[in-house]
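We did not get these values from a lab; they are worked out from the coordinates using the rules stated. Just so it is clear, the structure is predicted and the values come from calculations on it, not from any experiment. Every residue, glycine as well, gets a Cβ built from its backbone with ideal geometry; the counts of neighbours run over all protein chains shown.
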Amino acid sequence: MDKPAMASVFRMRHVPASISGVRSLGRGQADPVFHSRPLGEAIRFIAEADGQYDLSAVAISYGDRSTPPLGSREAKQLWSEYGVRLMEA
């Protein structure tokens, strides 16, 4: 993800987002269910969930349908670049 694309996502950090594709690592454990949350919170969750969940199929959907979803790699990259600023008003 290049800097202009990351800046665009940063500007949208307050729009509603949904997380899908997060899988439990434990046997017999249910996969987590997520409700709509701000994009910045969704990015933080995925960036910090590495090792706790299987994130290989994760997708953070936001904006209109033409906006491609973010995967775990992009979420980690955005969190590395912006950190807690994604949570600020």
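Model label sites at Arg73 and Ala57, defined 7 Å from Cα along the beta-carbon direction, differ in position by 1.9 nm. Quick one: 3J(HN,Hα) in Hz for the range 45-61, Karplus 6.51/-1.76/1.60 with θ = phi - 60°, rounded, Gly and Pro as x. Each residue of the range 45-61 in turn: 4, 5, 4, 8, 8, 4, x, 8, 9, 7, 9, 5, 10, 5, 9, 9, 9 Hz. In this structure, the amide hydrogen of Ala17, modeled 1.01 Å from its nitrogen in the peptide plane, lies closer than 5 angstrom to those of Arg37, Leu39, counting only residues at least 5 positions away or on a different chain. Projected label points at Arg65 and Ser8, each 7 Å from Cα along the beta carbon direction, are separated by 1.9 nanometres.
Peptide packing: for 53-65, 28-40, the average count of neighbouring Cβ atoms within 10 Å per residue gives the ranking 53-65, 28-40, highest mean first. Computed across the chain, the Kirkwood hydrodynamic radius from all distinct Cα-Cα pairs reaches 13.1 Å.
Considering helices alone, the calculated mean residue ellipticity of the chain at 222 nm is -10000 deg cm²/dmol, with DSSP H runs of length four and up weighted by -39500 (n - 2.57) and normalised per residue.
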